[in-house]
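Following: one structure in structure tokens, then a few remarks.
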Amino acid sequence: MFLILQRCALWTLLIGLPFSTGFAASSAEPQSEKRPKIALALSGGGARGAAHVGVLQVLEELQIPIDIVTGTSMGAVIGGLYASGVEVDALDNLLADLPWDALFQDKTRRRDLAFRRKEDDYNYLSNFNFGFKGGSLKIPTGLIQGQRLELTLGLLTLPVATVRNFDDLTYPFRAVATDITDGEAVVLGHGDLADAIRASMAIPGAFAPVEIDGQLLVDGGSAMNLPVQAAQDMGADIVIAVDISTPLRKREKLDNALSITGQTTTILIQNNTREQIERLGPHDFLIQPDLGPVATMSFDQVLEAANRGTMATLALRKKLSSLSLDDEAWAAYRSSLQRPSPVPPVITDVRIVNQSVVSDDVIRKRIHVALGEALDFAVLARDIDILYGLDVFDHVNFRIDHLADGGNQLVILTREKATGRNRVRLGFELETDFVSNSLFNIGVNVTRVPMNSLVAEWRTQLQIGQYPAIKTEFWQPLDDETRWFVAPELFFESLTFGQFDNQGNELAEYRTYDVGAGLGFGRQLGQWGEVRAGISYDWATADLFVGDPGLFPQVQRSDGQIFLRFVADTLDNARFPTEGGLFVARAALGFKALGSTNDYQSLFATAEYAKTWGKNTLVGDIQTGVSFENEITVNNLYTLGGFLRLSGLRPNELVGSDMLFFRVRGYRRIANLGLLSFTIPAYVGFSVEGGNTWLSTSDISPGSMLWGGSLYFALDTPIAPFYIAYGNTNGDRQSAYFYLGQVF
């Protein structure tokens, strides 16, 4: 998925957006008394609103002057950009180039996430994130907070960022929203243009409301979807109204709760649209394009909608021509329009407007704007994305204020999450071979962030099931850039594993228990990595549940060590990556002087790299763990077996203090399935696997390696990845799998 912030430079070429925050010196000429004032009223309708661009193209071809623009929802988007000086041909290119799917979600690109949030991906956590405040779960005021959309609108309206009176735009403009407290229409004619557009299209329940001048605003469609009255109130003599509102569903389509709810909303919109149409007089025009299959959310059909808007306007060409200007008058009209100057704004000051406990200095250190130089909006967009990736704000945006001394002040706006500082995410893991082997774990991750002005966090992970565990860590940054940190932790974990013969028959079953504490000190390496050193102590025991002692007798062991860990993570997706890599290495030295039963050394490392060609991806993985001791120890165990870890074997069938494993996974994205508001990618794939575990380093040899592989079908669901698979390992060991959870 590509994002708008990656393509700002391309858009500059495509749509010719100027970069200034003011207008050129020329001012609008007085309107001729002989010519009526013509207004354009653009209705809402989601993706159907792309038809407005087709209408505008024909009106300009007919040389029909526009003096006023009003818009609701998608009409406010097209109308607001047009009113700000964006040429109609540029709007057409914009329709084709905008990553619509990305605009309607808040998720930050993984590369820009704070490294701490990347770590959450490796606890097989779901994509759902709940807040916890005042003793109860909190859900957002909208499924989408609108961060991506707000930032996009801010960038697209950057040329008029300092204009506060919408009468001073290229075309005087009004956006219509609804006050959610009383249902009345609110006509927005001043303030920040991007905020006004965003408020006008804040669909209740889908997008969070927008507060402007003390009013809580949502999509204007429920109050005035076709803003004819707003145009007339601005003094329009003639209104060209473009109605692209969604038609009512047929009875046979009203077969579920969602369709019934949607129909109710459509009835409300249709009723107020009809009221606005009744306000049209004999000299006004109504354009109602036949948008056929283009639905409200059919953003993959925006060019089709624009084309249908063109055809509907051409059908009225003869009547509309009565409003046309001759070539000389048209040239004079065009030259009188105020256009933004193509000069980037020079930023002379930066101010932070911060509604959170986070220090202003922490925010400012992440904004890389050079004072006295032209604003680089691609850098600004990346900086804002990284700030949002801290996962402590509902809203991170910007505006530009023109100062009395002639300078421009960049204002960074942040607002702490309304759902509270506690984040709750659930994790699931379920594996079965449909015969006798099953694995089931449920996990919950509770993170309180920010704990203080330096974005400290307290993260607690609890897991119940076959592998019960609990870990709590307090992570405290030591500087404004949150690079250096200290992190104490406590943990408990338990592992069940068996001893098997070559046919997979269980001879004995063990459970280990490990409890300990640690203290780490380290440095974050931007968003991509971390290095950490520290000291830890843990106490472990192994109990025999079933069978005779074979692997080792019941044993207890203490372990005092110093450790060094390095992590680099540039994967674009932790579940089904298409590019980037992951590298983790941890070395430990155990000393009797620190309470360890024996002196020892251990090393663990894993590496992963993904490469994609079209819809096809290959991912290579390698893992190794070595414990330089003469006997197997209960707190330095590695296991293999189960889906994608020598897939023909039973889960954790192989156990040892030394391990080598590698695999190559290949998968192809074959479909995108729709479920409610979610898109669920579907894949088919394979794996080639090799590896083994050993009781001592001296046992490692090429001849003892086992080989296997799998074929699978997978869905990347919001809860967890889901797999149906077949696995085979040499020795004719075969398994069929149902697996829900992340595979690491």
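The values are calculated or read from the model by the stated rules, or taken from the named source; none is laboratory data. This is a predicted model, so every value here is computed, not measured. Cβ sites come from the backbone with ideal geometry, for glycine too, and all protein chains shown count toward neighbours. Accessible surface areas use protein heavy atoms only, side chains included; no ligands, DNA or RNA. Shrake-Rupley method; radii C 1.70, N 1.55, O 1.52, S 1.80 Å.
A few comments on the model shown:
- Taking the criterion of being under 19 Å from Asn452 (Cα atoms) and part of a loop (DSSP other than H, G, I, E, B), the residues of the stretch 347-402 that qualify are Ser356, Val357, Val358, Ser359, Lys365, Arg366, Gly389, Leu390, Asp391, Val392.
For every residue, the table says whether it meets (1) basic (Lys, Arg); (2) modelled with pLDDT under 85; (3) surrounded by fewer than 21 Cβ atoms within 10 Å (Cβ to Cβ); (4) in contact with an Asp or Glu (Cβ under 8 Å, 6 or more places away or on another chain).
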{"position": "Ile367", "(1), (2), (3), (4)": "no, no, yes, yes"}
{"position": "Val392", "(1), (2), (3), (4)": "no, no, no, yes"}
{"position": "Asp401", "(1), (2), (3), (4)": "no, no, yes, no"}
{"position": "Leu410", "(1), (2), (3), (4)": "no, no, no, yes"}
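- Note on the stretch 509-535: among residues that are closer than 22 Å to Asp569 by Cβ and among the polar types (S, T, N, Q), the one that is nearest to the chain's Cα centre (by Cα) is Gln527.
- Close contacts from the stretch 586-605, counting a first residue that is without any contact (Cβ under 8 Å) to a residue 60 or more places away in the chain and open to solvent by less than 70 Å² (accessible area, probe 1.4 Å) and a second that is in a strand (DSSP E or B) and aromatic (Phe, Trp, Tyr), with Cβ to Cβ under 6 Å and a gap of 6+ residues or different chains, come to Ala588/Phe563; Gly590/Tyr600; Gly595/Tyr537.
- So Ile719, is it open to solvent by 20 Å² or more (accessible area, probe 1.4 Å), in contact with a Phe, Trp or Tyr (Cβ under 7 Å, 6 or more places away or on another chain) and in a loop (DSSP other than H, G, I, E, B): yes
- Elements of the type strands (runs of 3 or more DSSP E) sitting completely within the stretch 140-225 and holding at least 3 residues that are touching a residue at least 24 places away in the same chain (Cβ under 8 Å), open to solvent by less than 30 Å² (accessible area, probe 1.4 Å) and touching a helix residue (DSSP H, G or I) at 6+ places or on another chain (Cβ under 7 Å): these cover 173-179.
- Looking across Gly741, Gly691, one residue alone is open to solvent by less than 20 Å² (accessible area, probe 1.4 Å), in contact (Cβ under 8 Å) with a residue 40 or more places away in the chain, under 25 Å from Gly427 (Cα atoms) and touching a Leu at 6+ places or on another chain (Cβ under 8 Å). It is Gly741.
- Residue within the stretch 220-242 that is of a type in the set (A, V, I, L, M), within 25 Å of the chain's Cα centre (by Cα) and over 30 Å from Gly292 (Cβ atoms) present: no
- Matching entry among Ala682, Ala725, Ala714 (being open to solvent by less than 20 Å² (accessible area, probe 1.4 Å), touching a Gly at 6+ places or on another chain (Cβ under 7 Å) and in a strand (DSSP E or B)): Ala714
- Selection within the stretch 490-528 - basic (Lys, Arg), farther than 18 Å from Arg565 by Cβ and open to solvent by 50 Å² or more (accessible area, probe 1.4 Å): none
- Here Asp699 clears all of (1) open to solvent by 50 Å² or more (accessible area, probe 1.4 Å); (2) among the charged types (D, E, K, R); (3) under 29 Å from Arg668 (Cα atoms) except the condition numbered (3).
- With respect to the conditions (1) touching a residue at least 60 places away in the same chain (Cβ under 8 Å); (2) open to solvent by less than 10 Å² (accessible area, probe 1.4 Å); (3) closer than 24 Å to Thr162 by Cβ, Ile78 lacks only one, and its number is (1).
- Filtered residues of the stretch 311-330 (kept if open to solvent by less than 30 Å² (accessible area, probe 1.4 Å) and under 24 Å from Gly44 (Cα atoms)): Ala312, Thr313, Leu320
- Criterion (under 32 Å from the mean Cα position of the chain (by Cα) and touching a residue at least 24 places away in the same chain (Cβ under 8 Å)) met by exactly one of Glu506, Glu457, Glu473: Glu457
- The stretch 419-450, residues that are at pLDDT 80 or above, in a loop (DSSP other than H, G, I, E, B) and surrounded by fewer than 18 Cβ atoms within 10 Å (Cβ to Cβ): Gly420
- Test: residue in the stretch 110-119 that is touching a strand residue (DSSP E or B) at 6+ places or on another chain (Cβ under 6 Å), at pLDDT 90 or above and of a type outside the set (Lys, Arg): yes
- Qualifying residue in the stretch 651-664 (condition: of a type in the set (Phe, Trp, Tyr), modelled with pLDDT of 90 or more and in a strand (DSSP E or B)): yes
- Of all residues in the stretch 144-175, those satisfying the criterion of being closer than 23 Å to Pro209 by Cα, charged (D, E, K, R) and over 22 Å from the mean Cα position of the chain (by Cα) are Arg164, Arg174.
- Residues (open to solvent by less than 60 Å² (accessible area, probe 1.4 Å), over 19 Å from Val358 (Cβ atoms) and in a strand (DSSP E or B)) located in the stretch 451-485: Thr460, Gln461, Gln463, Gly465, Ala469, Thr472, Glu473
- In the stretch 16-38 there is at least one residue matching the filter, namely being at pLDDT 75 or above and of a type in the set (A, V, I, L, M).
- The number of residues in the stretch 556-583 that are more than 23 Å from Gly526 (Cβ to Cβ) and either polar (S, T, N, Q) or open to solvent by less than 30 Å² (accessible area, probe 1.4 Å) (or both) comes to 7.
- Number of residues in the stretch 339-359 that are farther than 14 Å from Val392 by Cβ and not aliphatic (A, V, I, L, M): the value is 9.
- Residue within the stretch 348-363 that is open to solvent by 50 Å² or more (accessible area, probe 1.4 Å), within 37 Å of the chain's Cα centre (by Cα) and free of Cβ contacts under 8 Å to residues at least 24 places away in the same chain present: yes
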